[in-house]
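Participant: Here it is: the structure, laid out below.
The values are calculated or read from the model by the stated rules, or taken from the named source; none is laboratory data. Small disclaimer: the values here were computed from a predicted structure and weren't measured. Please note: Cβ atoms are built from the backbone with ideal geometry, for glycine as well, and neighbour counts cover all protein chains shown.
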Amino acid sequence: MLLWMYHSAAMNENVRYDVAVIGAGPAGMVSATTCAQAGASVILLERDAWAGGKLGIQSQPLQGPVTIFGGLNGFEHQARLMNEASDAGVVVRLGVEVDQLSPPAVSGDSFRLTVEGMLDSEGLVSARSVILATGSEEPEPDFPGSNLHGVMRSGAAQVALNVRAQLVGRRIVMAGSDNSGLLIAQNLLDAGAEIVAVLEKGSKVEGREVNASPLRQAGVEVLTSTPLIEAVGDGKLERVRVQQLEYSGVATRDIEADTLCVAWPREPDSHLAVDAGCPTLEIEILGGIMPIHDLNFVTLVNGLFVCGDTSGVESGATAIESGRLAGLAASRFLGFSHEDTKTLSSMA
């Protein structure tokens, strides 16, 4: 398994860069590399101890244009992107978290980032421009019994398996049938878990059939028109209660399980944009509230750019392209020249 992962030293010094990129998912890595290739000094900050985000710990071949993913799985792809960033001169700090983002006090001043390191020390980073690639978050499960041991977000189960080599349960129900839920269910199945059922409250599977079909062939019940009602157990999960539409009407059913993974639609992480005074807009089809930005991923705060799921939850390939465009726009803003700058939209 190829996983670019380490604990960064605590950041005690005050440092200044042309560009600070917050978030080392695919979009963040590509935007950082693009800026560095244009000649900017760049620091890439990531709160997790690994690069690549959730896409970077996907064990299956990544789905999307072969020109972008080349048949690589998540581990291989994130390693390639991180090597490109390192070769371009990007300074990488993993395992550090930006607690606060303050915009320039006056024109010509820099953004100020308060950064907490892995050793609980704090440092100050200043940058002439900031690219937010903070990704998206799975909503916390909130339904009767959601506080039981064994109920978790699907992403937590994926991290446990692919980063820490821990299988979260033996009899697992996946609530949610988008591509993420289906692929994580397959990942858990391949690792030896029994996937008892995949639940979808809608009338059809949300994800691609190519991701649902292998689960069905393995004997997994893929249940549509089946909303989750309740997690049942005494301190820990014992059963998952669902509602099913039958010929005689609506009926409830209990499914025995020791783990319930919730794969509900992700929401853009825009809290740092709000910190910086960036106006937001809610667009349901893109996951909810996100920073207002133009076609080049330029926000209404001078010098602040967004990309990846921060700018709207879409596919991995779309996230990567948004990272490239944001990197080009930030480079142009700072006066650096990149050979691909001409691809920026003139309509923005």
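Participant: What are the residues in region 105-126 that are at pLDDT 90 or above and among the charged types (D, E, K, R), if any? Don't jump to the end; show me each part of the working.
Facilitator: So in region 105-126, the residues at pLDDT 90 or above come out as 109-115, 125-126.
Within region 105-126, Asp109, Arg112 qualify.
Participant: Let me ask something else about it. In region 1-35, which residues are modelled with pLDDT of 90 or more and either more than 13 Å from Ser129 (Cβ to Cβ) or of a type in the set (S, T, N, Q) (or both)?
Facilitator: Gly23, Ala24, Gly25, Pro26, Ala27, Gly28, Met29, Val30, Ser31, Thr33, Thr34
Participant: Of the numbered conditions (1) within 20 Å of the chain's Cα centre (by Cα); (2) among the small types (Gly, Ala, Ser); (3) over 30 Å from Ala326 (Cβ atoms), Ser311 fails exactly one; give the number of that condition.
Facilitator: Exception for Ser311: condition (3).
Participant: Kindly indicate the residue of region 275-319 that is outside any helix (DSSP H, G or I) and charged (D, E, K, R) and also surrounded by the most Cβ atoms within 10 Å (Cβ to Cβ) among those meeting that condition. Don't jump to the end; show me each part of the working.
Facilitator: Of the residues in region 275-319, the ones outside any helix (DSSP H, G or I) are 276-283, 287-307, 312-315.
Still in the running and charged (D, E, K, R): 282, 294, 314.
Details: Glu282: 10, Asp294: 13, Glu314: 16.
For region 275-319, the residue satisfying everything is Glu314.
Residues checked against (1) out of contact with any strand residue (DSSP E or B) (no Cβ under 6 Å at 6 or more places or on another chain); (2) closer than 20 Å to Gly52 by Cα:
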{"position": "Glu256", "(1), (2)": "no, no"}
{"position": "Ser270", "(1), (2)": "no, yes"}
{"position": "Ile283", "(1), (2)": "yes, no"}
{"position": "Leu295", "(1), (2)": "yes, no"}
{"position": "Val301", "(1), (2)": "yes, no"}
{"position": "Leu325", "(1), (2)": "yes, yes"}
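Participant: From the list Ala133, Ala193, Ala197, which one is among the small types (Gly, Ala, Ser), closer than 28 Å to Arg47 by Cα and either touching a residue at least 40 places away in the same chain (Cβ under 8 Å) or surrounded by fewer than 23 Cβ atoms within 10 Å (Cβ to Cβ) (or both)? Full working, then the answer.
Facilitator: Numbers: Ala193 fails: closer than 28 Å to Arg47 by Cα; Ala197 fails: closer than 28 Å to Arg47 by Cα.
The conditions single out Ala133.
Participant: Between Ser102, Ser41, which is at pLDDT 90 or above and either under 20 Å from Asp340 (Cα atoms) or hydrophobic (A, V, I, L, M, F, W, C) (or both)?
Facilitator: One residue alone meets the criteria, Ser41.
Participant: What is the residue count in region 38-60 for residues that are crowded, with 24+ Cβ neighbours inside 10 Å, among the small types (Gly, Ala, Ser) and on the phi < 0 side of the Ramachandran plot?
Facilitator: 4
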